[in-house]
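The values are calculated or read from the model by the stated rules, or taken from the named source; none is laboratory data. Keep in mind the model is a prediction, meaning the values are calculated, not measured. Reconstructed Cβ throughout: ideal geometry from the backbone, glycine too, with neighbour counts over all protein chains shown.
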Amino acid sequence: MEKDRTLKEITPKSQDYSQWYLDVVLKADLADYGPVKGCMVIKPYGYAIWELMQREMDRRIKETGHVNAYFPLFIPKSYLEKEKEHVEGFSPECAWVTIGGGEELDEPIAVRPTSEAIICSMYAKWVQSWRDLPILINQWANVVRWEKVTRPFLRTTEFLWQEGHTLHATAEEGREETLKMLEVYRSFAEETLAMPVLHGQKSDSEKFAGAASTFAIEALMGDGKALQAGTSHDLGQHFSEAYGIEFLDKDQTRKRPWSTSWGTSTRMLGGMVMCHGDDSGLVLPPRIAPYQVVIVPIPPRKGSWDEAVLPKAREVLAALRAAGVRVRLDDRDQFQPGYKYADWEMRGVPLRLELGPKDIEKDQCVLVRRDTREKLFTPLAGLGARVNELLEQIQAGLLERARAFVAGNTTRVSSWDEFKQVMATKRGFILAGWCGEAEVEAKIKEETKATIRVMPMGDPQPAPCVYTGKPGRLVYFAQAY
RNA sequence: CGGGAUGUAGCGCAGCCUGGUAGCGCACCUGCUUGGGGUGCAGGUGGUCGCCGGUUCAAAUCCGGCCAUCCCGACCA
């Protein structure tokens with residue numbers, strides 16, 4: 001539309017949601033395209049956010065009794081082939097290494113699309129006795145999946161993630177672990193990213209290749225499509241059978257352990273961007289904002305900016321640091337204040353602190369909230385405590401706002417016409433009955449693009465199938481990313 | 001892989017119909033200016049016009065082929 005769009009202007013969110021998303025990712029300095037299709041460069045600002053997410057997720061994973069380790073990037077073809085469903089699910093999207101050191105390899109090596117195969121093979125050597133269980137290992141790694149359609153963060157050829165792989169003596173323990181990690185993901189999404197999610201079990205058609213059952217958290221994006229933000233799989237004994245993992249139990253019989261795996265990736269970062277961002281760019285929840293506060297000093301009309309304002313700004317910087325706030329002083333004198341406002345808004349910094357000669361006279365500063373754009377004239381005395389209080393309010397406010405959006409875009413429908421109507425207009429989550437047949441699920445997808453995102457936890461709520469009218473249970477539908 | 005569109009400076013685009021010195025905005029560089037919401041002015045750097053071939057005195061422009069990207073399908077935990 002507009003010819004003279006500058007680099008920093010962002011497509012309105014309501015006008016073209018996917019273009020808006022790409023604008024934010026590229027212009028807010030999160031990422032750039034690499035030379036290989038679908039391979040993304042995560043730039044320093046994006047990586048700083050990822051590191052904060054990582055730190056918090058890692059804390060939660062360790063708090064639930066897990067430890068970190070690292071397994072190889074390369075997986076021999078024969079290892080991958082041991083679990084039939086697993087290889088069928090992943091083989092088409094594997095990158096294969098067939099030449100090494102200039103010579104054709106005897107056996108192709110896959111670049112890991114996920115690490116069940118290599119990790120279970122190692123576990124087979126490590127486990128002998130019930131005393132070796134449980135094994136509760138997590139790894140932070142990169143994986144490669146050769147996707148046909150890619151989008152920065154949401155679906156990339158290579159991505160960063162954590163994947164947990166556990167072994168347990170009993171089915172109950174395995175199931176308990178699966179649900180425990182689902183809860184870790186749910187609470188991380190809501191408490192750290194301020195991103196509300198549905199959680200529940202996947203239908204068979206959406207299950208992980210080789211799993212007994214898959215659980216997931218699903219977030220709702222601004223265009224009414226759902227994003228799977230984390231999965232936790234109860235693998236049953238499928239993998240311990242396939243990889244020959246056995247242990248001698250207390251009752252002196254040989255048994256197969258039960259295994260689980262669970263993962264979250266850089267996709268969560270993309271989800272967070274879509275969840276909170278607005279027409280000015282990113283809006284970061286304070287807990288994962290690399291800078292929670294940016295100080296923009298205002299130069300005096302006449303005289304030296306160094307003498308009048310900067311020393312005070314440095315004092316404020318030190319005070320906020322001492323209060324545990326991640327803060328940056330933007331003292332670049334080649335940019336004007338207005339430019340800096342727009343710049344940091346685009347990068348989603350939760351609070352901007354303006355400090356000029358007028359403020360210094362009154363011993364105050366101006367705080368501006370990124371989420372509400374509210375201006376707050378704040379005394380410099382007790383600033384650290386006030387800022388921390390505001391950051392918590394912003395964190396809570398973002399979650400509340402996002403919850404209201406999900407609530408307003410979740411529709412309980414009882415007729416097929418209504419279902420189609422909702423999918424044709426506002427989309428979002430649809431709560432409707434389903435008879436449990438995969439064929440019906442496929443038909444619904446064919447006609448509306450909606451798939452079952454999750455079956456809610458707890459006892460199934462009976463409801464007639466929205467498509468066939470047969471007896472069924474309530475499940476959540478949505479069009480997926 | 002099927003349907004549609006687009007490839008011209010780092011980004012966004014005009015020029016093509018009607019062939020004749022490759023342009024504009026942003027970004028970038030220099031200088032001054034300005035500074036509480038993207039300052040203003042002046043000067044400047046940067047492009048084998050996606051690739052290959054054809055027509056022509058002459059091709060960004062016309063013709064043919066190829067390649068790439070995007071959208072809609074298909075495919076995809």
Select, from A:Arg301, A:Arg254, A:Arg267, the only residue that is within 14 Å of the chain's Cα centre (by Cα) and among the basic types (Lys, Arg). A:Arg267
Helices (runs of 4 or more DSSP H) (entirely within segment A:206-320) containing at least 1 residues that are hydrophobic (A, V, I, L, M, F, W, C) and either modelled with pLDDT of 95 or more or under 30 Å from A:Leu398 (Cβ atoms) (or both): A:238-242, A:267-276
Among the strands (runs of 3 or more DSSP E) contained in segment A:323-391, which hold 1 or more residues that are in contact (Cβ under 8 Å) with a residue 40 or more places away in the chain and either closer than 19 Å to A:Val309 by Cβ or within 12 Å of RNA strand B (Cβ to nearest atom) (or both)? A:351-355, A:364-369
Taking helices (runs of 4 or more DSSP H) that do not extend beyond segment A:1-118, which have at least 2 residues that are under 23 Å from the mean Cα position of the chain (by Cα) and modelled with pLDDT under 85? A:17-27
If you check A:Thr425 against the conditions, is it polar (S, T, N, Q), under 28 Å from the mean Cα position of the chain (by Cα), more than 30 Å from A:Arg175 (Cβ to Cβ) and exposed (fewer than 15 other Cβ atoms within 10 Å of the Cβ)? yes
Which of the residues that make up segment A:181-205 are over 20 Å from A:Met53 (Cβ atoms) and assigned to a helix (DSSP H, G or I)? A:Asp204, A:Ser205
So is A:Leu248 more than 15 Å from the chain's Cα centre (by Cα) and more than 10 Å from RNA strand B (Cβ to nearest atom) or not? yes
Pick from segment A:199-220 the residues that are of a type in the set (A, V, I, L, M, F, W, C) and surrounded by fewer than 22 Cβ atoms within 10 Å (Cβ to Cβ): which of them is nearest to RNA strand B (Cβ to nearest atom)? A:Ala209
Please count how many residues of segment A:248-270 are surrounded by fewer than 20 Cβ atoms within 10 Å (Cβ to Cβ) and at negative phi. 8
Conditions (1) crowded, with 16+ Cβ neighbours inside 10 Å; (2) away from RNA strand B (no atom under 16 Å from the Cβ) -> A:Arg412 fails only (1)
Take A:Pro76 and decide whether it is at negative phi, loosely packed, with under 13 Cβ neighbours inside 10 Å, more than 15 Å from RNA strand B (Cβ to nearest atom) and not charged (D, E, K, R). no
Would you pick out the residues in segment A:140-155 that are over 13 Å from the mean Cα position of the chain (by Cα) and either more than 10 Å from RNA strand B (Cβ to nearest atom) or not in a strand (DSSP E or B) (or both)? A:Trp140, A:Ala141, A:Asn142, A:Val144, A:Arg145, A:Trp146, A:Glu147, A:Lys148, A:Val149, A:Thr150
